[in-house]
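J.: Here it is: the structure, laid out below.
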Amino acid sequence: MENRSHALMTGFFTIALLIAAVLAGIWFNRDRVERVPYRIGTTESIPGLNPQATVRYRGLEVGRVDDISFNPEITGQIVIRLSVDPEAPVTKTTFASLGYQGVTGIAFIQLDDDKTGSPRLASDKNQVATIPLRPGLLDQLEKRGLVILNKTEEITAQLGKLVAPGNQKIMLDAFDKIGKTAEAYGQIPKQLEPTLKRLPQLTANAEQSMAAFNALSASAARAVTNYDRLATSLQAPNGPIERLTQTVDRVGGSLEGVTRDLELHTLPHVVAMTDEARTSLRAVKRTATSLSERPQGLLFGAGSASPGPGEPGFVAPTK
């Protein structure tokens, strides 16, 4: 009995010693840092997130999740209470999202910021500040996956309509037409073969034409050069054009003197001779008229002229 009592006392002592060691370890290893409380309110699902989950700021561990509960004031809202290191730069533009560790599915709170330099977000036990929760990568993939699935269903429905019997006939006809078109295009090289055989001769002719054109261009260039030289020599001082101008001026002066002499001396004599000739012609005309009326006057002389009106012996003609 005595041995059993000693063994029992030894067992109790060992257990007490182990409990004391565990409590001492917990006491010495407990977190003595006074953390800042924050809260997150969301209506999104938070799969894999549990109390005591890690809170990280851009990958660095800065706190823990204290509690997860429903908001009694807003139906369907989940409230996540956090304890964050006071040195963590939580600002008014800081937001939270869910992150996951590898393939275990264990979630943690990932804090990030839209920009740097924003004012700090004040929070204490009396007035706990709220950090907004944005959809995480999995939530975004889930939403976009649903959209992609809907689009896939629409595309599948469209493909089902596309392969309907009526459309199949249309597509087969189209493929048949494409085959015939391909055969027609296959005949084009055969039709172009004679033209391709003539290409060397056409190229040679084109080269000859280009050579002739180059020669013509060179000849034209030489002609232009000669014309330029001719124009330069004609327009040179004391050149042909200047001498011709001087000659024309001298001839013009001579003609002007001749014209002045004609006006002063020759023209008056010509005018006087013209007047005399006109008087003689009038006398000849009167004589011819008298002879035609009285031919006997050439033998017996001209008779006396008949008295005119107002003269003695004038007799008015009878009607």
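J.: For region 134-225, report the accessible area per residue in Å² (1.4 Å probe, heavy atoms, rounded to an integer).
T.: Ligands and nucleic acids excluded, the figure is 86 Å² per residue.
J.: Further question: What is region 55-107 by shape, rounded, prolate or oblate, if you read a ≥ b ≥ c off the alpha carbon gyration tensor as root eigenvalues and call it rounded for a/c under 1.5, prolate for a/b larger than b/c, and oblate otherwise?
T.: oblate
J.: Further question: Find the accessible area per residue for region 44-100; the probe is 1.4 Å, ligands and nucleic acids are left out, and the unit is Å². Intermediate values should be presented prior to the final figure.
T.: Numbers: 3000 Å² over 57 residues.
Result: 53 Å² per residue.
J.: Let me ask something else. So how exposed is Arg39, as accessible area in Å² (1.4 Å probe, rounded to 10)?
T.: Only protein atoms counted, so the area is about 60 Å².
J.: Moving to a separate point now. Leaving out same-chain residues fewer than 8 places away, which lysines sit with a Cα under 24 Å from that of Lys92?
T.: Cα-Cα hits under 24 Å: Lys115, Lys125.
J.: Please report the spacing between the Cα centers of region 97-112 and region 149-206 in Å, no decimals.
T.: Here the two parts' Cα centres lie 54 Å apart.
J.: With every protein chain in place, what's the accessible area of Asp176 (1.4 Å probe, Å², nearest 10)?
T.: Its heavy atoms expose roughly 80 Å² to the probe.
J.: Now for a separate question. Could you please state how large a percent of the accessible area of region 138-210 is carbon and sulfur, counting protein chains only and using a 1.4 Å probe?
T.: 65
J.: Right, here's the next one. Within region 166-191, which residues have the backbone N less than 15 Å from the label spot 7 Å out from Leu202 along Cα→beta-carbon, could you tell me?
T.: Once the point is set 7 Å along Cα→Cβ of Leu202, 189-191 turn out to lie under 15 Å by backbone N, inside region 166-191.
J.: How much accessible surface does Phe213 have with a 1.4 Å probe, in Å² rounded to 10?
T.: Rounded to the nearest 10, that gives 120 Å².
The values are calculated or read from the model by the stated rules, or taken from the named source; none is laboratory data. The shown structure was predicted, so the numbers you read here are calculated from the model rather than taken from an experiment. No Cβ is skipped: glycine too gets one built from the backbone with ideal geometry, and neighbour counts run over all protein chains shown. Keep in mind that these areas ignore ligands, DNA and RNA; they rest on the heavy atoms of the full protein, side chains included. Shrake-Rupley method; radii C 1.70, N 1.55, O 1.52, S 1.80 Å.
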